[in-house]
Amino acid sequence: MPDDIYTHGHQPSVLRSHTWRTIENSAAYLEPRLTAGLDVLDVGCGPGTITAELAERVAPGTVIGLDRSDDVIAVASKLSDDRLSFTTGDIYALESDDDSFDVVHAHQVLQHLSDPVAALVEMRRVCRPDGVVAVRDADYESFTWAPDDERLRQWLDLYRAVARANDAEPDAGRHLKSWALEAGFSRVVSSASVWCFTEDDDRDWWGGLWADRIVDSDLATQAVDRGLATPSDLEAMARAFRGWVERPDGWFVVVHGEVLATP
């Protein structure tokens, strides 16, 4: 199985993004399919905020959150109860039987994989014939912001270069439909949605976490170690994000692709 490298890491600057995610802001396309009694697998669950909400929506169904990181599962496990559990595992070799779940969900996961089609094949295997595999991923090249800043364009180019050096696909959102079809799903419904950061609090949160992440995360370490940027380059990008936060006309849109795929 591929030994994938996670571009971001699990530093506090990364986890505070993951813990912000909810069904409303990150899985609204799936929400109409969430009904009482469903069994759900949340692959790449991170600290479990979406996973816990899934458990609330499908009660009395059971929900399992899976991630490959022991540390992040230790954090998520604090949310466990009788119907919600967390475990480490491999997306390419899920330990569940065929046809085990009504919903198999993955948010911002396929973009980090060297073989997303193989992962989707495995997710399809554990999904019941009348169930759904739901995946949502960002499309970095489609990100847009104002006002323009050359240092932010350098940040985006750098991020995409680091991800590609990890054999990952930072523009995964646009590929989800074709990957799902290649994985053999019988029906694939695709859509798109965005995060938009423009209000003062939103700018402060988004710009602040990226200002921290670009200098203190696995992304920063990988960028320097691979000779793609210097520490001073990263500091300049961090200053650009902090400057953007202070702009009352600041606006940043993160584009996502989404698919609901029927086995």
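Worth a mention:
- Backbone phi angles across segment 210-225, fed through the Karplus curve with coefficients 6.51, -1.76 and 1.60 (θ = phi - 60°), yield HN-Hα couplings of 6, 4, 6, 5, 6, 10, 9, 6, 4, 4, 5, 4, 5, 4, 6, 4 Hz in residue order; Gly and Pro are listed as x.
- Mean residue ellipticity (222 nm) of the chain, computed from DSSP H runs ≥ 4 via -39,500 (n - 2.57), nearest 500: -11000 deg cm²/dmol
- Along segment 153-160 the Karplus relation, 6.51 cos²θ - 1.76 cosθ + 1.60 evaluated at θ = phi - 60°, assigns HN-Hα couplings of 5, 5, 4, 5, 4, 5, 4, 5 Hz to successive residues, with x for each Gly and Pro.
- When the Cα atoms of the chain are aligned to their principal axes, the ranges along those axes come out at 50, 35, 33 Å in descending order.
- Mean separation of Cα contacts under 8 Å, 6 or more apart, over the residue count of the chain: relative contact order %: 23 percent
- Computed over protein heavy atoms with a 1.4 Å probe, the carbon and sulfur contribution to the accessible area of segment 44-166 reaches 45%.
- Residue-normalised accessible area of segment 142-263, given per residue in Å² at a 1.4 Å probe: 45 Å²
- Using the Karplus relation 6.51 cos²θ - 1.76 cosθ + 1.60 with θ = phi - 60°, the per-residue 3J(HN,Hα) values for segment 186-203 come to 7, 8, 10, 9, 10, 7, 8, 7, 9, 9, 10, 10, 9, 5, 3, 5, 5, 5 Hz, with x marking Gly and Pro.
- Segments 45-52, 207-214, 87-94, 194-201 sorted - mean Cβ within 10 Å per residue, highest first: 45-52, 207-214, 87-94, 194-201
- Database remark: amide H of Gly61 closer than 5 angstrom to the amide H of Gly37, Leu38 (H placed geometrically; neighbours at sequence offset of 5 or more, or on other chains; Pro and chain starts carry no H).
- Net +/- balance of residues flanking Leu120 in space, Cβ distance below 12 Å, scoring K and R +1, D and E -1: -1
- Of the peptides 24-37, 250-263, the ranking by mean beta-carbon count within 10 Å, highest at the top, reads 250-263, 24-37.
- The residues of segment 1-140 have, on average, 40 Å² of accessible surface per residue, using a 1.4 Å probe with all protein chains present.
The values are calculated or read from the model by the stated rules, or taken from the named source; none is laboratory data. Predicted, not measured: the structure shown is a model, and the values here were computed from it. Cβ atoms come from the backbone with ideal geometry, glycine included; neighbour counts cover every protein chain shown. Areas reflect the complete protein model, heavy atoms only, side chains present, ligands, DNA and RNA absent. Shrake-Rupley method; radii C 1.70, N 1.55, O 1.52, S 1.80 Å.
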